[in-house]
1. Collect residues whose amide H, placed 1.01 Å from N in the peptide plane, falls under 5 Å from the amide H of V226; neighbours closer than 5 in sequence don't count.
2. Provide the packing ranking of 20-32, 42-54, i.e. peptides ordered by the mean count of other C-beta atoms within 10 Å per residue, highest first.
3. Just want the answer: with Cβ charges of +1 for Lys and Arg and -1 for Asp and Glu, which residue in P177, A7, G17 is farthest toward the dipole's positive end in the chain?
4. For the range 41-105, what is the charge dipole size about the Cα centre, in debye to the nearest 20, if Lys and Arg each add +1 at the Cβ and Asp and Glu each add -1 at the Cβ?
5. Can you list the HN-Hα couplings for the range 94-107, worked out from phi with the Karplus curve (6.51, -1.76, 1.60; θ = phi - 60°), rounded to whole Hz and with x for Gly and Pro?
6. Which of the three applies to the range 56-148, rounded, prolate or oblate, going by the alpha-carbon gyration tensor with a ≥ b ≥ c and a/c under 1.5 meaning rounded?
7. Measure nothing fancy, just the Cα-based angle from helix 228-238's long axis to the longest principal axis of the chain, in degrees from 0 to 90, nearest 10.
8. Put +1 on the Cβ of each Lys and Arg and -1 on the Cβ of each Asp and Glu in the chain; which of N139, A75, Q196 then has its Cα farthest toward the positive end of the dipole?
Amino acid sequence: MLNGRVALVTGSTSGIGLAIADALAGQGADLVLNGFGEATAIETIRGGLAARHGVRVIHVAADMAKPAEIDSLIAAGERQFGRIDILVNNAGIQHTSPVESFPSDKWEQIIAINLSACFYTTRAVLPGMRGRGWGRIVNIASVHGLVASVDKSAYVAAKHGLIGLTRTVALETARSPVTCNAICPGWVLTPLVEQQIQARAERDGLTRDEAMTRLVSEKMPSGDPVVPAALGQLVVYLCSPAADQIRGAALPVDGAWTAQ
Ligand code: NAD
């Protein structure tokens, strides 16, 4: 379905981004990967995706906190493949602390990576998408773009902001064949969440599995975390013709977290 399309997925060396990259490559899209990691591990990921799906895959190690590196990332993708048709803004970080003691550098970093980077990438890819007459922008927000939790002021602010950006871009592109939407997952079992499970286990003297069950059940009535591959399939759907008129949506995938 996506043969001939080129997808850039930020933060795709791990977790949700990697699952989305895998799903898009599974539909034939060439890939620009981005994210941190050890060089040999990244090369294994890159080579594995290319071999498994028969697509072209490059990795560009831009730091999404740095606007100049974001411009270089987009330029590298366009130089290599001539186009970026699908942009998935996924790179993100977390830090938890009460607002009174929230470190300034963590605040700045979270806003830069989880919000401002999505503006810089969107601004850079939109002219090409409009010019070629097709484009998909998918922002990986969070339930924390829709509701808040304690100790996550920067993350909640960034994700609420990202949904605002999504809606604005959707309006500005409404009469074009470019769509922009946000996905709002609840707990997804990835390295980012694993850190929070470990912290909970240490704080409450629990095993890792007990801590995971408590963490998930506190917020998700389903009691089950989201599987990263399910988010990959949702992005594929948003890239399909059936989703042409899904615009400016903030789609929860959250086991009824935000239904409460
Ligand atoms: P993860 O930690 O497993 O992966 C994050 C990816 O982003 C990695 O590839 C990492 O290298 C990359 N990254 C981090 N900082 C970067 C930077 N400065 N520049 C470039 N790349 C950078 O995290 P994840 O759980 O897969 O989260 C991915 C996205 O999904 C994030 O935006 C997160 O907020 C969102 N999300 C996650 C969950 C969850 O429960 N895991 C829930 C809702 C939303």
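The values are calculated or read from the model by the stated rules, or taken from the named source; none is laboratory data. Everything numeric in this text was worked out from a predicted model, so none of it was measured. Backbone-built Cβ (ideal geometry, glycine too); neighbour counts: all protein chains shown. Surface accessibility is based on the protein's heavy atoms, side chains included, excluding ligands, DNA and RNA. Shrake-Rupley method; radii C 1.70, N 1.55, O 1.52, S 1.80 Å.
1. W187, V188, L189
2. On the way: 20-32: 24.7, 42-54: 15.1.
Ranking, from highest mean packing down: 20-32, 42-54.
3. P177
4. Values: 6 positive and 8 negative charges, 94 e Å.
Using Cβ point charges on Lys, Arg, Asp and Glu, the range 41-105 gives about 460 debye.
5. Result, rounded to whole Hz: 9, 8, 10, 5, x, 4, 4, 10, 5, x, 4, 5, 5, 4.
6. Details: a/c = 2.77, a/b = 1.90, b/c = 1.46.
Judged from the Cα gyration tensor, the range 56-148 comes out prolate (a/c at least 1.5, a/b above b/c).
7. The angle comes out at about 40 degrees.
8. It is A75.
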